[in-house]
Amino acid sequence: MKQESISVFDIFKIGIGPSSSHTLGPWRAAQRFIASVKQKGIDKVTSVRVLLYGSLAKTGKGHGTDVAVLLGLCGEDPVTFDVNLIEPRMEQILEQRKLNLNNEHVINFDPAEDVVFLLDQSLPFHPNALTFLCSYNDGDEIAETFYSIGGGFVVKEGEEDDDSALVKLPYPIEKAEYLLAACDKTGLDISGVVMLNEKTWRSEEETKTGVLRIWETMRDCIFRGCHIGGELPGGLQVKRRAFELNKNLTADKTYNSFDEWLAVIRSGGHSFKYTLDWVSCFALAVNEENASFSRVVTAPTNGAAGVVPAVLLYFIAFCDGYDNEKIIKYLLTASEIGSIFKKGATLSAAMGGCQAEIGVSSSMAAAALTEALGGTVDQSLMAAEIAMEHHLGLTCDPVGGLVQVPCIERNTMGAIKAITASQLALQSNPDHARISLDAVVNTMWETALDMDHKYKETAEGGLAVQLPISLSEC
């Protein structure tokens with residue numbers, strides 16, 4: 001197995017919705033292409049075209065792939081770009097038929113002609129492929145192809161492994177088996193081993209600061225999503241539900257900040273129904289924000305971005321987990337489980353269906369919650385296995401190519417399954433488990449290979465074909 005060094009900040013990326021593989025990945029690919037273009041001189045460019053293949057073509061409109069690519073070509077960054085400017089910027093490009101490459105050089109560009117959706121073509125390496133074509137005023141041309149392989153990870157065709165993938169870690173972890181061995185050797189829990197590896201890239205303090213920034217982005221996303229009503233964009237006329245649910249649960253109590261809101265939530269008690277409603281509300285809020293081209297954190301993808309933060313806020317609100325050190329440990333543990341799935345299977349719904357998104361996120365949250373609640377390493381890995389075991393075979397069938405139906409509700413299901421898996425593991429003896437996490441990772445990959453392509457983010461099967469709606473309507 002090829003060694004791959006993956007940091008917590010590779011699994012958790014701050015970006016803009018609605019999709020890590022169809023939005024964030026293509027955006028990053030466009031930025032990388034611009035870097036290549038600049039080597040010859042961006043002021044010499046006369047034209048640019050973008051070809052979208054496979055799943056990027058079939059569900060690209062609903063996922064905003066064209067929007068992401070154009071913003072990336074303009075030199076904007078998904079971490080910092082003001083989401084409120086997306087619509088006016090796109091309107092400007094469409095009306096003027098001009099593109100300001102890297103905000104340095106304006107060229108003629110007609111999105112209707114120069115972004116090509118090749119619905120019947122797919123490249124062999126991965127279903128999420130896109131090619132950039134560039135012409136210069138001296139007649140020279142360049143072409144580069146990228147693959148968005150899930151979770152915002154991007155691979156350039158013909159490119160050797162980047163430096164980050166070749167970093168030598170003190171505890172290289174390709175499988176859960178290796179993670180367990182590292183924990184046994186060091187006497188540390190999962191988050192402790194992850195922190196030792198993170199020190200290869202940066203200081204412990206820098207890692208903690210960065211992880212807390214991830215949490216703050218998740219926190220702000222949940223809070224924002226619980227306080228915005230209305231209808232989601234895209235044509236399906238899906239009504240946002242977190243707003244009304246939050247309003248009902250808080251009974252119109254007054255608060256002016258996240259901490260005050262959290263106090264209101266805690267004041268309602270710990271009944272099963274009450275807690276269940278809040279976990280659903282947290283998850284809905286994130287993915288309604290994601291579907292609205294707002295700022296979210298891949299966890300490990302955008303389509304599954306609600307599970308890990310919803311379970312984390314459950315831990316904070318109902319399990320006395322509002323402590324920075326506990327939050328950091330939770331996210332470090334979750335990231336390692338996501339990394340194991342990325343290495344042994346896939347994080348791409350276009351490769352593995354929704355088991356690769358909601359299934360992985362549920363597994364990540366289950367392990368993280370188990371460690372946070374005092375579980376052993378074995379129990380944490382057991383929780384991760386249980387969560388994925390009950391997502392195996394889950395299809396990706398977005399109606400209209402949008403991350404709305406059934407995607408948003410699936411995050412609530414993934415969060416609840418994660419909590420259930422954690423509780424089962426905490427009340428169990430892992431020595432009696434018959435299926436290991438590595439076995440379920442392998443099974444997930446085998447299932448992905450067997451799954452029909454129409455259930456892999458193509459909007460050609462399952463629920464996606466049950467409504468009389470075409471991609472053009474979205």
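Summary table
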| quantity | calculated |
| --- | --- |
| Degrees separating the helix 324-344 axis from the principal Cα axis of the chain, which is the longest one | 60 |
| Listed residues 441, 308, 99: farthest to the positive end of the dipole of the chain (Cβ charges) | 308 |
| Longest DSSP-loop-exposure-free segment, GluC sites (Glu not before Pro), the chain, at most 12 other Cβ within 10 Å | 161-474 |
| For region 168-473, with +1 on Lys and Arg beta carbons and -1 on Asp and Glu, the positive-most of 299, 234, 183 along the dipole | 234 |
| Sequence of 184, 189, 450 once ranked by neighbouring C-beta atoms within 10 Å, starting from the fewest | 450, 184, 189 |
| Residue exposure sequence - 382, 90 - by fewest surrounding Cβ within 10 Å | 90, 382 |
| Between helix 307-318 and the chain: long-axis angle, C-alpha atoms, 0 to 90°, nearest 10 | 40 |
| Per residue, the convex hull volume that the Cα atoms of region 55-146 enclose (Å³) | 118 |
| Relative contact order (percent, whole number), the chain, Cα cutoff 8 Å, 6+ residue spacing | 19 |
| Fewest-first sequence of 274, 455, 53, 330 by Cβ atoms within 10 Å of each Cβ | 274, 455, 53, 330 |
| Dipole magnitude (debye, nearest 20) for the chain, charges at Cβ of Lys, Arg, Asp, Glu | 660 |
| Helix 272-291 vs. the chain, principal-axis angle (Cα, 0 to 90°, nearest 10) | 10 |
| Hull shadow area, averaged, region 8-164 [alpha-carbon convex hull, nm²] | 9.2 |
| All Cα pairs of the chain, percent lying beyond 45 Å | 9 |
| Inverse of mean 1/r across different Cα pairs in region 322-424, Kirkwood, Å | 13.6 |
| Net charge dipole size for region 8-164 [Lys, Arg +1 and Asp, Glu -1 on Cβ; Debye, nearest 20] | 280 |
| Given 58/156; 13/253; 13/456; 253/273; 208/456, the pairs whose alpha carbons are separated by over 30 Å | 13/253; 208/456 |
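Every number in this text was worked out from the coordinates using simple rules, so none of it is lab data. The shown structure was predicted, so the numbers you read here are calculated from the model rather than taken from an experiment. With ideal geometry, Cβ positions are generated from the backbone for all residues, glycine too; neighbour counts draw on all protein chains shown.
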